[in-house]
Amino acid sequence: MNNNDVNILIVDDEFSVRDSLFKWFKTDGFNVDTAENAEAALQKFKEKSWDIVLLDIKMPGMDGIEFNRHIQSVDQNIIVIIITAYASVDTAVQAIKDGAFEYVSKPIDPDNLTHMIRNAIEKRLLAKENIQLRQKIEDLTSADDIVGTSPQLRKVFKMVASVAKTDSTVMIRGESGTGKELIARAIHSNSTRRYAPIISLNCGAFTETLLESELFGHEKGAFTGADRLRIGKLERANNGTIFFDEIGNISMKMQMDLLRVLDTKHFSRLGSEKSIEVDFRVISATNRDLESAVNEGHFREDLYFRLNVVTIDIPPLRDRKEDIPLLARYFFNKYTQSMTKDIKDISPEAMEMLLNYGWPGNVRELRNVIERAIVVCENKKISPADLSFPFRAGSKQQYGDSLEELEKNHIERILNRTGWHISQASETLKIDRTTLYNKIKKYNLSK
Amino acid sequence: MIDKRIYVVPIEFYDLSLLDSLCFYLSNAFGIPAYIENKPININRVFDPLRNQYNSSYLLKQLINKPPKDAARILGVCNLDLFIPILTFVFGEAQLEGIGAIVSTYRLKNEFYGGQSDSHALMERLLKEATHELGHTYGLYHCHNSGCVMTSSTYVEDIDEKSVLFCRECEEVVKSRVQ
C-alpha cells in the first residue's frame with residue numbers, strides 16, 4: 001500500500017489542528033482531507049471511503065465518541081485515532097471499547113505520530129487482505145460442478161440451503177459418482193464454519209488400524225513405524241466439518257470409537273491418554289443400504305441414528321435426464337477452456353447418445369466421458385465417434401464400486417458361464433468349493 | 001525577464017558564516033542564486049507562553065507576506081523552538097508547492113540534547129533541513145529512497161543518517177520545476 005493509496009480524514013473543530021495535520025500528512029504523500037465537525041465528516045463519507053480517521057473528541061454537535069460509534073457501525077475496518085486536548089481515562093477506555101485504534105493527547109510527538117500511522121496502515125492492510133482472502137475462500141468453495149435444474153436436484157439445493165444454516169449432522173445418500181462430496185462441501189461452504197476446514201475421510205480406503213490412525217492421529221512411537229507425531233483428521237477438523245465418505249464400510253470397533261467421539265467431542269491420539277476436545281460438524285455419505293446393514297447387525301443402530309439426523313438423497317443421473325445437456329455443456333466449457341482446444345460444440349447426434357445412455361457412474365462418468373471426448377476430438381464438434389462409454393456393452397448391468405458388488409457380479413458371471421458347475425467355477429475362481437458355496441449363500445445367488 | 005533567486009531570511013539569527021555557507025550550498029543544490037535578505041519579523045506575536053515555543057506556521061505567514069518579485073523561494077532561518085499545534089515540535093515547516101519554508105537550528109544543536117557543541121554537525125544538519133524544506137516547496141513528498149535528503153526525520157539522529165543530496169528521482173523533479 002503506497003501512501004498515495006491511503007485516504008486520511010482529519011475531523012477537528014480547530015482550524016490550526018486540521019491545517020497542521022493536513023500539511024504533515026500531505027508532505028508524506030497521503031490523500032488527506034479535513035472536516036470541521038461530524039456533520040461535515042459524514043458528508044465526506046458519502047463522497048469516498050476512508051482508511052484512517054483522526055478524530056477530535058470535543059466538537060460542537062456530535063462529539064468524537066459518538067461519531068466513532070457511527071463509523072464503527074458502518075465499517076469496523078476503518079482505523080479511528082482519537083485525539084484530544086483533555087485526556088481522561090474514562091474517555092480513553094470508552095473510545096477503545098467502541099473500537100478506536102488509538103487514543104492520543106495533543107500535542108503528539110512527531111515520531112509517535114509517524115509510528116502510529118504506520119501501524120494503522122499495517123492494520124488496515126491486514127484487514128483488507130483478510131477480506132480479500134475470505135472472498136477468495138468463498139469463491140474457491142462455491143458449489144462448483146453441481147449443475148442442474150431438474151426438480152429432484154432443486155430439492156437437493158433447497159435442502160442444502162436450509163441445512164447449511166444449522167449445525168445438524170447430515171447423511172448424504174446416493175450412488176457412486178452422484179456428487180456426494182460436492183454436496184457436503186456446499187453445505188460446509190454455506191455454513192458458519194466455512195472459514196475453518198472441511199476434512200474428508202474415505203472410510204472405505206483404509207484398514208481398521210490405518211483408519212484409526214488417520215482419524216485420531218498418533219503420538220511418536222505409538223506403534224512400529226510411528227516415527228513422528230501425526231495430527232489426526234478429527235483434530236484438523238476442529239471448528240470446521242468432517243466428512244466421512246463410505247461410512248457404511250467401517251468396522252464395528254471403529255463404529256464404537258466414532259460413536260464415543262460424536263457423543264463426547266473428546267478423543268485421544270493413539271499412544272496418548274491426553275483427552276483432546278474438538279468442535280466439528282459431521283457430514284457422512286454412503287451408497288449402501290444402511291438400514292439393511294443395521295437390521296443384519298453390521299452397523300450399530302445408535303450410530304446410525306446419531307449420523308442420520310438430516311438425510312439428503314441425491315438422485316442418480318438416469319433419473320434426471322433433463323440435467324444431462326446442462327452438465328455436458330458445463331463440462332464441455334470447463335475442459336475446452338482448460339485444454340485450450342478450439343472445439344465449438346457437442347453435435348446433436350453426440351448429445352442424443354449422451355441422453356440415451358444409462359450413466360451407471362453418474363455425473364463422474366459423464367465428466368470423464370466429456371473430458372476424454374475433448375482430448376480425442378479433432379473436429380469443431382464432438383461427434384458420437386469421440387464418445388467412449390466404459391459400461392456401454394452392458395449398460396443395463398450397473399455395478400457399484402464396492403469390492404463386494406464386484407465380487408458378487410464376477411462369481412455370478414463365472415457360475416453362469418460354467419452352467420453352475422460348482423467344481424469348474426471354483427477352479428476358475430481359484431477358491432475351494434466350500435468358500436464358493438458360502439459366497440453363493442452370502443450373495444443370495446441362484447440359477 | 002527577472003532572474004529569480006532564493007532569499008534566505010535570518011529571524012533573530014546572527015551566525016552570518018553559517019548563513020553564507022547555507023547560501024553557497026543552496027545555490028548549487030537548486031541551481032538558483034541564494035542571497036541573505038533581511039526582513040522584519042515579529043517573533044513575539046507567534047510565541048505561545050503555555051508551550052514556551054514559537055508557532056512555525058505563523059512565522060511562515062509573516063515570512064511570505066509581500067515577497068520580492070524576484071523571489072523564487074524564501075527560506076527563514078531561526079534559532080527558535082518551533083511547533084505546529086498538533087505536534088510537540090518541528091525542525092522546520094514548508095508550504096507544499098508554495099514559496100516559503102522555515103527551518104530552525106534550535107533542535108539541531110547537540111547542546112539541546114545535553115551533548116558537546118559541534119559546529120560541523122550543526123552546519124550539515126542545517127544544510128539538510130533547509131534543502132529538505134525547500135524540496136517540499138518544489139512539490140516533493142517524503143521520499144522512501146534510503147539516504148535521500150527528502151526522507152522523513154523525526155529525530156536529529158534521522159537527519160544525521162541521511163545524505164545532504166536528493167536521490168535521482170527527487171533531483172529530476174526539482175530540476176524540472178526549477179526550470
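Below, the figures for the structure above:
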quantity	calculated
Residue pairs meeting the criteria (Cβ under 7 Å; at least 6 apart or on separate chains; first more than 21 Å from A:SER105 (Cβ to Cβ), in segment A:67-88; second open to solvent by 50 Å² or more (accessible area, probe 1.4 Å))	none
Matching residues, segment B:46-73, being aliphatic (A, V, I, L, M) and within 14 Å of B:PHE13 (Cβ to Cβ)	B:LEU59, B:LEU63
Odd one out for A:THR178 among (1) part of a loop (DSSP other than H, G, I, E, B); (2) surrounded by fewer than 23 Cβ atoms within 10 Å (Cβ to Cβ)	(2)
Subset of segment B:122-142 [part of a loop (DSSP other than H, G, I, E, B) and either more than 14 Å from chain A (Cβ to nearest Cβ) or open to solvent by 20 Å² or more (accessible area, probe 1.4 Å) (or both)]	B:TYR141, B:HIS142
Within segment A:19-36, tally of residues that are charged (D, E, K, R) and at the interface with chain B (Cβ under 9 Å from one of its Cβ atoms)	4
Close pairs (7 angstrom Cβ cut-off, 6 or more residues apart or separate chains): more than 9 Å from chain B (Cβ to nearest Cβ) in segment A:108-120, open to solvent by 40 Å² or more (accessible area, probe 1.4 Å) anywhere	A:MET116/A:GLU102; A:ALA120/A:PHE101
Residue in segment A:93-104 that is open to solvent by less than 80 Å² (accessible area, probe 1.4 Å), touching a Leu at 6+ places or on another chain (Cβ under 7 Å) and within 14 Å of chain B (Cβ to nearest Cβ) present	no
Pairs, first at the interface with another protein chain (Cβ under 10 Å from one of its Cβ atoms) in segment B:150-168, second hydroxyl-bearing (Ser, Thr, Tyr), C-beta under 9 Å, six or more apart	B:MET150/B:THR131; B:MET150/B:TYR141; B:SER152/A:THR27; B:SER152/A:THR114; B:THR154/A:THR114; B:ASP158/B:THR151; B:ASP158/B:SER152
Failed condition for B:GLU93, given (1) more than 14 Å from chain A (Cβ to nearest Cβ); (2) outside any loop (DSSP other than H, G, I, E, B)	(1)
Selection count where residues are closer than 19 Å to A:VAL6 by Cα and β-branched (Val, Ile, Thr), scope segment A:84-124	3
Filtered residue count, segment A:334-360, keeping only those that are outside any loop (DSSP other than H, G, I, E, B) and open to solvent by 80 Å² or more (accessible area, probe 1.4 Å)	6
Top-ranked residue in segment A:1-18 [being within 12 Å of chain B (Cβ to nearest Cβ) and open to solvent by 40 Å² or more (accessible area, probe 1.4 Å); ranked as nearest to A:ILE57 (Cα to Cα)]	A:GLU14
Among (1) within 14 Å of chain B (Cβ to nearest Cβ); (2) surrounded by fewer than 18 Cβ atoms within 10 Å (Cβ to Cβ) - the single one A:SER49 does not satisfy	(1)
Within segment A:409-436, considering residues that are β-branched (Val, Ile, Thr) and assigned to a loop (DSSP other than H, G, I, E, B), the one farthest from the chain's Cα centre (by Cα)	A:THR418
Unmet criterion (only one of (1) open to solvent by 70 Å² or more (accessible area, probe 1.4 Å); (2) under 18 Å from A:LEU113 (Cα atoms); (3) under 35 Å from the mean Cα position of the chain (by Cα)) for A:SER73	(2)
Hits in segment A:234-268 - residues which are surrounded by fewer than 21 Cβ atoms within 10 Å (Cβ to Cβ) and in a loop (DSSP other than H, G, I, E, B)	A:ASN238, A:ASN239, A:GLY240, A:GLU246, A:SER251, A:LYS265, A:SER268
Only listed residue being open to solvent by 20 Å² or more (accessible area, probe 1.4 Å), touching a Pro at 6+ places or on another chain (Cβ under 9 Å) and modelled with pLDDT of 90 or more, chosen from A:ASN31, A:ASN37	A:ASN37
Residues of segment B:101-121 satisfying the condition of being within 12 Å of chain A (Cβ to nearest Cβ) and either acidic (Asp, Glu) or surrounded by 24 or more Cβ atoms within 10 Å (Cβ to Cβ) (or both)	B:ALA101
Where B:PRO85 falls short, out of the listed (1) surrounded by 20 or more Cβ atoms within 10 Å (Cβ to Cβ); (2) under 17 Å from B:VAL156 (Cβ atoms); (3) within 12 Å of chain A (Cβ to nearest Cβ); (4) not aliphatic (A, V, I, L, M)	(2)
Filtered residues of segment A:437-447 (kept if within 24 Å of A:ALA293 (Cβ to Cβ) and part of a loop (DSSP other than H, G, I, E, B))	A:TYR443, A:ASN444, A:LEU445, A:SER446
Odd one out for B:GLU157 among (1) exposed (fewer than 13 other Cβ atoms within 10 Å of the Cβ); (2) within 14 Å of B:LEU96 (Cα to Cα)	(2)
Hey, B:ASN79 open to solvent by 40 Å² or more (accessible area, probe 1.4 Å), in contact (Cβ under 8 Å) with a residue 12 or more places away in the chain, closer than 25 Å to B:SER27 by Cα and not β-branched (Val, Ile, Thr) or not	yes
Restricting segment B:169-179 to residues that are open to solvent by 30 Å² or more (accessible area, probe 1.4 Å) and either within 18 Å of the chain's Cα centre (by Cα) or within 14 Å of another protein chain (Cβ to nearest Cβ) (or both), the residue that is modelled with the lowest pLDDT	B:VAL178
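The values are calculated or read from the model by the stated rules, or taken from the named source; none is laboratory data. These numbers were taken from a predicted model, which means no experiment stands behind them. Positions of Cβ are generated from backbone atoms using ideal geometry, with glycine treated the same way; all protein chains shown enter the neighbour counts. Each accessible area value is taken on the protein alone, full model and side chains, heavy atoms only, with ligands, DNA and RNA left out. Shrake-Rupley method; radii C 1.70, N 1.55, O 1.52, S 1.80 Å.
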